Structure formats: structure tokens, C-alpha cells
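Taken together, the values in this text are just the output of simple stated rules run on the coordinates, not laboratory data. Values in this document were obtained by computation on a predicted structure and should not be read as measured data. Cβ sites come from the backbone with ideal geometry, for glycine too, and all protein chains shown count toward neighbours.
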Ligand SMILES: [Zn+2]
């Protein structure tokens, strides 16, 4: 990574990496043989990485999920698709850059690919509205999903948003209605749907493209009904309690797999996806292809029945009469 | 519709176990009003027409024909699926709410009659954790639509909710998908879903079933929206327009069908049910005969 923007818990790694670089540099200059020292340090770095990344708490995972260098939808598209033609606009109001979508080819199959899109540099961040869609973004997604249904293309969605945009225009144009409509339509859409949470799964704004037959999460992504900060502000009346809220909300991939909400956790390379885009992309591609192989041979009637049943049964309560 | 006063007074007592004073203060204009007077006016301020929040049983009793309500699934109770603890534990909060209110969670569902017409009805209890939707609310609404689908009945839901119940984490988020999925199925039934939005209807409730009504009605000046006004103000750092996210504003922007005052609600619902009534004309004319008939008709000319 050229510019390594580091998180707090990554700092010791960054220091070690710098030291290693220095050592390698003096080694190539050829004055002393530092081979064994380099080897030792490399091993130490690897061990430290393993140690840090195996014991991350939910708040640290939240930081990784939002890491500025984390791959976004179009980064993955570039690495996993043989072809991609982006399609624009909702045909009603506008084109929302916070959601991208289009026809893509992956492993020789053509799919409809839709995802939230964040920006990296300041200008692009603003252009993408920090990955927070307006209603027209959800309506564009809906239009593309209807197209996929008619043309019998499976749908793959990439989820990565802090949430649907809370703004005046968004409310005026029916943010609630746009999300609700997607939820109800996706529950019965007659093509297989695969969703991958690649970064932040922010509440209804994430779910609005996430009603799927198979939901997968990247190892260090999060999926939550409310942001830890928002939750802390409401329940603790103190936004700084986000760290505790993150833990209480159970937002990590492993926890959501245990709770039966998602079907699979996609393993990330050591040091998380931003340390090796190619490796992360390979895992994502494989997960998509395996899922397509699983879903495509099944009749759509059976898929719809299973999809309905899955959502019908989510919820834990006490029913004394049963 | 005002004939049922005696019926609902009793239900008020049922819903709120704590006795209340003789006088109430309008929380909009501050006027002190005799409680009985306020009840007779369906909890709408006699001075400023402010529609006060009413509890679930009360809502049902002012909507249905007297004595026709049959409750469903009253016994379903919330649990604490995540072991969630903020300043208090979630369990503790549930117990506290259940102690003060005579409901187990934030909705009351059942069936009854409106001017003799059978409907499936659901009303939110805002006093139960802000009317928030967790597993119990999602399940009861889903069952209501399933019953309506089976019995071919119209559904009406009176929403009054701040959104999803955070303490149930992802389970509460998924109730949005669950309720929206059952509505997709219900819409095969040729029966209407009438969604009534009352103050407030926001977050995960507005972004799921509440906005999926065939007809969407709001009470006057109800707060309706996806994000809360304070969140919006903090995000965009601008003052919000007058009336923003109020019923009147939504009507103007094409987001709801009607604004109906509480005193007229029952009548409007009844008329909608009549107009939506399935007609029983038997469609037995085959395309071939139809063509034949039209040819006959033209030949006669
Ligand atoms: Zn008043």
C-alpha cells in the first residue's frame, strides 16, 4: 500500500514494517549480511499480524470495515469481472453515484451486479455521497433487478454503506418508500440473488439491496441495525460508548453466522482486505462462482420458497402456546 | 362512530394500569382539558385540534364496532436474543414496560368489524419501548397478513413507532424484510392493505410495511419519515423547512394518499372497505364466445 493510513491497533505493525524495510535497504547496499536478521523480523511481523488479527474486538473490526483503503465495489469489479458495463439512472429522477450497477461477466457467466460505492479521495467521497444512497439509487437498483428478472440473469449485490442518506431531498422523494419497495420486490424476484457485505452493512440502507438467497460477509465487515455510534448516542446518551455498543449489537461476520442470519463468512488475507486486494478479490470471486453453481440448477419455484421461508423464520420470541 | 364511548373507557383502564387524574394538559397548546371531554373527543385537543397519541386498545376500540374485537397472539412475548445490555438490560426494560402496560410487546393484533365488515387490524403501542419493531412485532404482523391471506380479508395497520428495536440487533433489522415479504404474498389476495400512519412513524417501520399500503392514510400533523429530523439536521447542517416530515408535507410530495382527522377515520375506512369490496360478477365468458358475440352484434347492425 503506497499510502498506508493506519488504524490505532495497526500502529505496531507499521513500525515493524518500517524497520524491516530499513533493514532490507541496508542489506541490498551490501555492507553487512543481514539475511538472518531480516528473516527473524519477517517472522516476528507475521506472528504479530496473526496475533492482532485473531483477537480483534467488534469495535476494531468496525474500524477495518470502514478502513479508507478497503476495497470498494468498483475495485472488486475491476479485479473479478471479465467485462462490466455500468448502467445508469432510475428513469424517474436521476442517477445516484452512491449505487452502481450493470451487466457483468464473471467466470464466463453474465450477471447483474449492483453495489454501494464509496469514494476514496475527498472529491470522489463527496461525489459518491460517502456511499449513502438517495431514493433514486434504490430505484435504479430496482430497475436493474427487474431487468435481470426479465432477462433471467442472477443478481449479485455488494453492500457497503453507512446507511441510506438522511437528507431533505431524500425524505421528499420517499427514502422510506424506496427501501420498502425494494424489500418487498426482492422477496419475490424470480432470479437467484447473492449478497456480499464487503464493508459496512448500515441498516435499512444496506438491507434495501440485501434481500437474498445467499448472504455472505467478508471476515472483517459489519452488518447492523444501527451504527455503534448512533446506538450509543441513543441508549447510553453518549456517543463515545460506541465501542461497547459495537460489542452488544453483535455486528461481526462470525457472530451473524452463528445467529443464522448469513450463510457464509469469506476469509480475508492476513491484515485484512486492504493489505492484499488481489487475494481478497480472488476469495470473493470464488465465493460468487461457488454460490452461482449451487443456485443456478435449482428451479426458481424452489428458490423462492426457500427465500420466503428463510425470512419468515427470522426472529426469536417466546410463544407459550407452542 | 361516537356511539362506543362506554366501551373504550373500560379499555383505557385495561391498557394503562396506573390511574390518571381528572384533567389533562394538551402537549401542543398547553390547554388544560377535562379528561372525560378529551376522551369524548378521541384524544384530539378541543382547542388546537392536536391529535394526541393513543394506546393500542383505545385505537382499536374507536375504530371497530363495539364488542367485535377478537385478539390474536396476545401471549407472544419478547426474549433477549443477544443478551443486550446498555445502562439497563433489555430484559429489565421489557419487564418494566410489561408491568405498566397490559401488552406483552408493542403491537396488538386481531380481527373485528367496521360497520359489519370484517377486517384484520393491528395497532401499535407507542408506550412499549417507543413502539419499536423487534421479533414479536414482526411475527405478529406476519401472522396477521397470513391469516388475512387465508381468510381473504382486508388488513389495516395503525403505525406509531420510532423504528427498529436496537436491543434485538440484526433480528430487528430483518423484521423489515420479513414483513415486506409477507405483504408481497398478501398482494396476491385481491384484498387491500390500508396503512394508517400516526405520530410518529419513522425508521425501520416506515421503511418497510408502513409504506407498502395500497392506500396510505395519515393523521394530521403526524411526523413521518425515514431519518429523524435531528439526525438530518446534524448531517446536513441546515435548518429544516417548515412542516418538514409532517403529514401535510408528505401529501404535497406525493408520498401518501390522504390525511384524515381522527373523528372521520372510521367513516373513511368503512367507505374504502365498501369500495374495495370484491364484486361477484362471474367472469365466465370465454374469449371465443366473446368474439362470437361481438361478431353477432355487428352483423345485426
Ligand atoms: Zn391543544
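Okay, here's what the table says:
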item	result
Cβ-derived FRET efficiency at R0 22 Å, residue B:188 paired with residue B:274, nearest 0.05	0.50
Computed helical MRE - 222 nm, chain A, DSSP H runs ≥ 4 contributing -39500 (n - 2.57), nearest 500	-14000 deg cm²/dmol
For the stretch A:178-257, diffusion coefficient by Stokes-Einstein and Kirkwood Rh (Cα), 20 °C, 1.002 mPa s, µm²/s	159 µm²/s
Descending semi-axes in Å of the stretch A:62-312, equivalent ellipsoid built from Cα gyration tensor	25, 21, 19
Å³ per residue enclosed by the Cα convex hull of the stretch A:32-96	186 Å³
All-pairs Cα distance distribution in the stretch B:53-277, expressed in whole percent, bin size 5 Å	1, 7, 15, 19, 20, 17, 10, 6, 3, 1, 0
Computed E for residue A:257/residue A:146 - FRET, C-beta separation, R0 35 angstrom, nearest 0.05	0.70
Stretch gain in nm, segment residue B:91-residue B:152, where the contour uses 0.36 nm per residue and the Cα spacing is subtracted	18.2 nm
Burial ordering of A:77, A:290, fewest other beta-carbon atoms within 10 Å first	A:290, A:77
Alpha carbon centroid spacing (whole Å) that separates the stretch A:273-313 from the stretch B:121-191	28 Å
Two-site FRET efficiency, residue A:51 against residue A:28, from Cβ-Cβ distance with R₀ of 35 Å, rounded to 0.05	0.75
Bins of 10 Å from zero: percent of alpha-carbon pairs in the protein assembly as shown	3, 15, 24, 23, 16, 9, 5, 2, 1, 0, 0, 0
Which of B:108, A:284 has the fewest Cβ neighbours within 10 Å, and the rest in rising order	A:284, B:108
Rg/Rh for the stretch A:1-133, where both radii come from Cα atoms and Rh is the Kirkwood radius	1.13
Cα centroid separation - the stretch A:1-67 against the stretch A:82-140, whole Å	35 Å
Distance (nanometres) between label positions extended 7 Å along Cα→Cβ at residue B:70 and residue B:118	0.8 nm
Candidates B:21, B:228, B:169: whichever shows maximal mean-square fluctuation once chain B is modelled as a Gaussian network with Cα springs under 10 Å	B:21
Most fluctuating residue given options B:208, B:102, B:247, as computed from a GNM of chain B linking Cα atoms under 10 Å	B:102
q = 0.17, 0.19, 0.23, 0.24 Å⁻¹: log10 I(q)/I(0) that the Debye formula gives for the stretch A:117-182, counting C-alpha atoms only	-0.67, -0.80, -1.01, -1.06
Backbone N under 13 Å from the residue B:41 label point (7 Å along Cα→Cβ), restricted to the stretch B:47-73	B:47-52
For the stretch B:169-237, Kirkwood radius (reciprocal of mean inverse C-alpha pair distance, Å)	13.3 Å
For the stretch B:92-120 and the stretch B:219-271, distance of Cα centres in Å	24 Å
Estimated inter-spin distance, residue A:37 and residue A:20, nm [label 7 Å along Cα→Cβ]	1.6 nm
Convex hull volume of the stretch A:8-55 per residue (C-alpha atoms, cubic angstrom)	48 Å³
Point-to-point label distance, residue A:247-residue B:49, nm (Cα→Cβ direction, 7 Å offset)	5.3 nm
